[in-house]
Amino acid sequence: MGFVSSLLGILGFGIGIPLGLLVGFFLFVYSNPKEVEDPVCRPLHDLDELALQDLLPEIPLWVKNPNYHRVDWLNKFIADLWPYLEKEIAGTIRSVAQPIFDEYIGKFQIESIEFERIDMGTLPPILNGLEVFETNEKELVMEPSIKWAGNPNIILVLKVLSLRITMQLVDLQVYLAPRIAFKPLVPSFPCFANVVVSLMEKPHLDFGMNILGADIMSIPGLYRFVQETIKKQVASLYLWPRTLEIPILDVSTAAVKKPVGILRVNVVHAVKLLKKDILGSSDPYVKLSLTGDGLPAKKTTVKKKNLNPEWNEKFKLLVKDPKTQLLRLQVFDWDKVGGHDRIGMQVVPLKQLTPHETKEFTLDLLKDTNISNSPHKKQRGQLVVELTFVPFKEDKSRSSGPIDAAHRRNESGIDMSMSSHGGSLGGAGLLSVIIQGAENVEGKCHNNPYAILLFRGEQKKTHMLRKTRDPRWNEEFPFMLDEPPLNEKLHIEVVSKRTGISFRMKESLGHVEINLRDVVHNGRINHKYHLINSKNGVIHVEISWKMI
């Protein structure tokens, strides 16, 4: 009976399989397919709470936050550039990681750590949104939201006790929220000197790691430990306020140099000057200037009919680079009619000066500074000057670190990273006023704006810009003062001037008065002021006070 049942089972199995395949084939060929239904699209407010919680993390930031911009064009740009960009990223990873690896050589019996291969894969990162911040500084600040589910192949070789251990990083997923600042903006392509990157929160990492062919991330507890260790290591390097600064241009050549000190010049006297007048005398005066500053030269008084004049006149000049700048001294013979004849000239390199030490120079006047001239030509006299280079005091409380200071400055106008100067506020210094520009200045008759600055009875002007309501001047006006302007004000007025013939040539577009007490206490203010007697006009002014 058992044999019969086994035989029937074998026959049923042999007949059933071909019969079932035949029936299935005919059903597959001759049956009519069902229509594919379109998915149901529902607005977010119609979803229940559980469905919404599952969906929200996948929604781009530009949908959830109106401050973020949609940047599909930038994602397309990165995707096209990725085959070349990933090679540069791989090189950067090697250079950044190598110093970290070197710290572990010799520890824990580790003999060497090196990359065998770094391939960032074919899938580029995606920007879910981009937020751009407006600041009063010469910088561009943005915060992108970056997600990257890539397919990199990174192989690290670790040699321990002559044993070669291969570790492979695969299936990497990264979420970053960096802050990227392009600063300072300079008038040389690509128009910024540095790229400063800082992470605003710890990065989210998810990856697999194969060691000797086995995925060790499947070991309970090890995955979380490795992930947190990497997060802490990255955070210790680049988490705000720490930054990664990538130089793009040499800021010393691309940017305009700022004054670093004051040169005090005492023109004492001259001896045996060359006779230039017909009657056998001269009417000398001295013109002095620094190379590379672009400022008008300063002049002494004229000494009538004197070949051995005594001046003892003191001047102050702004120094931007004491290592390369020269003091140019020219002695002229004043003439009532026609041009003034140059008696002689001489230059003094500032690198010969020691800060805060007064040094006297007795200079043999030359026709010019051409060294090929014969030294035995006629004597033109000597000029005696006393020079003292006084650098500005460094405020150690100032820091260039947190990029967030730019946003605090945008609201308050005061650089919160700067505190008041230590000790007394008294003493000489430099008051620097930079008129950056204006916005929404509108005249009734014309719009050719320029700014007039009034301080201590001295008037300075920017250049005029034609046919604009948003002028950008970016002009600096220095004032060397013997004491801080604690109780003084700065008056700035925006004026429009018609370029043609008109009965009404000038028109005021608004003015502002700035109390300088905050500038002295904080060292620097960068603010946009609403113009008085203007409907919507705003002027952007940067003021700094440096003590010597």
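The values are calculated or read from the model by the stated rules, or taken from the named source; none is laboratory data. This one's a predicted model, so the numbers in the text were calculated from it and none came from an experiment. All Cβ positions, glycine included, derive from the backbone under ideal geometry; neighbour counts span all protein chains shown. In case anyone asks, the SASA skips ligands and DNA or RNA and just uses the protein heavy atoms, side chains included. Shrake-Rupley method; radii C 1.70, N 1.55, O 1.52, S 1.80 Å.
Filter region 319-333 down to residues that are of a type in the set (A, V, I, L, M) and closer than 10 Å to residue 290 by Cβ, then give me how many there are. Show your work before the answer.
Keep residues of region 319-333 that are of a type in the set (A, V, I, L, M), which gives 319, 326-327, 329, 331.
Checking which are closer than 10 Å to residue 290 by Cβ leaves us with 319, 326-327.
Of the residues in region 319-333, 3 are of a type in the set (A, V, I, L, M) and closer than 10 Å to residue 290 by Cβ.
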* Say we look at region 60-80 and pick out the residues that are without any contact (Cβ under 8 Å) to a residue 24 or more places away in the chain and within 26 Å of residue 122 (Cβ to Cβ); which of these is most open to solvent (accessible area, probe 1.4 Å)? -> 73
* Structure fact -> Picked from region 131-156 (must be of a type outside the set (A, V, I, L, M, F, W, C), under 18 Å from residue 204 (Cβ atoms) and part of a strand (DSSP E or B)), the residue most open to solvent (accessible area, probe 1.4 Å) is 147
* Could we say that residue 465 is within 19 Å of residue 434 (Cα to Cα), modelled with pLDDT of 90 or more and open to solvent by 10 Å² or more (accessible area, probe 1.4 Å) here? -> yes
* Structure fact -> From the option list 196, 170, single residue qualifying as open to solvent by less than 20 Å² (accessible area, probe 1.4 Å) and within 28 Å of residue 144 (Cα to Cα) is 196
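Filter region 26-85 down to residues that are modelled with pLDDT of 85 or more and in a loop (DSSP other than H, G, I, E, B), then give me how many there are.
To start, the set of residues in region 26-85 that are modelled with pLDDT of 85 or more comprises 70-85.
With the extra rule that they be in a loop (DSSP other than H, G, I, E, B), the set shrinks to 70-71.
Of the residues in that region, 2 qualify.
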* Out of curiosity, is residue 94 open to solvent by 90 Å² or more (accessible area, probe 1.4 Å) and either over 23 Å from residue 141 (Cα atoms) or in contact with a His (Cβ under 8 Å, 6 or more places away or on another chain) (or both)? -> yes
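Restricting attention to region 153-173, does a residue exist that is closer than 22 Å to residue 240 by Cβ and out of contact with any Ser or Thr (no Cβ under 8 Å at 6 or more places or on another chain)?
Taking region 153-173 and keeping what is closer than 22 Å to residue 240 by Cβ, we get none.
No: zero hits.
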* Taking the stated definitions as given, is residue 121 outside any strand (DSSP E or B), open to solvent by less than 70 Å² (accessible area, probe 1.4 Å) and either in contact (Cβ under 8 Å) with a residue 12 or more places away in the chain or not hydrophobic (A, V, I, L, M, F, W, C) (or both)? -> yes
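Being in a strand (DSSP E or B), of a type outside the set (Val, Ile, Thr) and more than 22 Å from residue 147 (Cβ to Cβ), is that true of even one residue in region 87-102?
There is no residue in region 87-102 that is in a strand (DSSP E or B), of a type outside the set (Val, Ile, Thr) and more than 22 Å from residue 147 (Cβ to Cβ).
Restricted to region 230-250, and to residues that are part of a helix (DSSP H, G or I) and open to solvent by 70 Å² or more (accessible area, probe 1.4 Å), which residue is modelled with the highest pLDDT? Talk me through it step by step, then tell me what you get.
Kept after step one, since they are part of a helix (DSSP H, G or I), are these residues of region 230-250: 230-238.
Retained after the next criterion (residues that are open to solvent by 70 Å² or more (accessible area, probe 1.4 Å)): 232-233.
Values: 232: 79, 233: 76.
Within region 230-250, the match that is modelled with the highest pLDDT is 232.
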* Of the criteria (1) among the hydrophobic types (A, V, I, L, M, F, W, C); (2) under 21 Å from residue 482 (Cβ atoms); (3) modelled with pLDDT under 90, which one residue 297 fails -> (2)
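Looking at region 214-229 only, could you name the residues that are exposed (fewer than 14 other Cβ atoms within 10 Å of the Cβ) and part of a helix (DSSP H, G or I)? Let's see the steps before the verdict.
Keep residues of region 214-229 that are exposed (fewer than 14 other Cβ atoms within 10 Å of the Cβ), which gives 214, 218-222, 224-225, 228-229.
Those that are exposed (fewer than 14 other Cβ atoms within 10 Å of the Cβ) and part of a helix (DSSP H, G or I): 218, 222, 224, 225, 228, 229.
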* Structure fact -> Of (1) over 25 Å from residue 394 (Cβ atoms); (2) surrounded by 14 or more Cβ atoms within 10 Å (Cβ to Cβ); (3) not charged (D, E, K, R), residue 318 satisfies every one except (1)
